[in-house]
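In what follows, a structure is listed as structure tokens, so that the remarks can point back to it.
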């Protein structure tokens with residue numbers, strides 16, 4: 001039975017699980033639909049005054065950041081420490097991104113990241129899952145325009161959902177989000193529901209800088 005997590009709640013993934021190894025981390029979100037406006041600015045500026053046409057779709061990108069035991073970026077190269085739309089598979093083969101979703105349209109997961117816990121390098125202590133809005137500053141977009149955001153974990157051996165964390169706070173003005181993390185503790189893997197907003201994250205590098 002899936003567990004609905006609250007912000008800051010932690011659960012065991014491998015302890016007493018009978019050998020849980022392969023999991024899918026699904027991240028989802030929907031673009032909030034603005035109400036029709038008569039004013040020139042529109043709702044959060046989503047409508048152009050001269051044409052009332054909606055601006056570009058909000059392009060959210062999910063990524064996995066690998067950290068060492070000191071909480072710093074793992075490895076010496078960018079592709080050592082991050083799996084994202086530009087580096088879909090970690091060189092260890094343990095983490096695989098299923099590809100970029102440019103709009104967030106449709107129900108269910110918008111992006112999925114597969115993790116084989118048994119293949120994660122021994123000196124990786126934590127895998128942090130983040131989402132940022134690509135080009136947010138240029139497009140005038142932020143997480144106040146996003147609704148129904150979540151992260152969920154699924155056991156790939158039986159496709160059973162392990163847990164889900166719905167992000168329900170007001171994230172107006174924020175362009176990035178540290179959603180959750182999988183981390184080692186006493187040789188076991190755990191998951192922590194974080195939900196920490198980041199004001200400036202229109203590029204993934206700005207999130208990586210938090211752990212440099």
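The values are calculated or read from the model by the stated rules, or taken from the named source; none is laboratory data. These numbers were taken from a predicted model, which means no experiment stands behind them. Quick reminder, even Gly has a Cβ in these numbers, built from the backbone with ideal geometry, and neighbours come from all protein chains shown.
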**OP:** Filter the stretch 114-170 for residues that are more than 16 Å from the chain's Cα centre (by Cα) and without any contact (Cβ under 8 Å) to a residue 12 or more places away in the chain and give the result.
**Re:** 122, 158, 159
**OP:** State the number of residues belonging to the stretch 141-185 that are surrounded by fewer than 18 Cβ atoms within 10 Å (Cβ to Cβ) and outside any strand (DSSP E or B).
**Re:** 10
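Determine, yes or no, whether residue 149 is modelled with pLDDT under 95, in contact with a helix residue (DSSP H, G or I) (Cβ under 8 Å, 6 or more places away or on another chain) and within 29 Å of residue 72 (Cβ to Cβ).
Yes; evaluated as a whole, the condition is true for this residue.
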**OP:** Among the residues of the stretch 190-207, count how many are touching a helix residue (DSSP H, G or I) at 6+ places or on another chain (Cβ under 7 Å), surrounded by fewer than 18 Cβ atoms within 10 Å (Cβ to Cβ) and within 19 Å of residue 83 (Cα to Cα).
**Re:** 0
Original post:
Looking at this structure, is residue 116 surrounded by fewer than 21 Cβ atoms within 10 Å (Cβ to Cβ) and at pLDDT 95 or above?
Top reply: yes
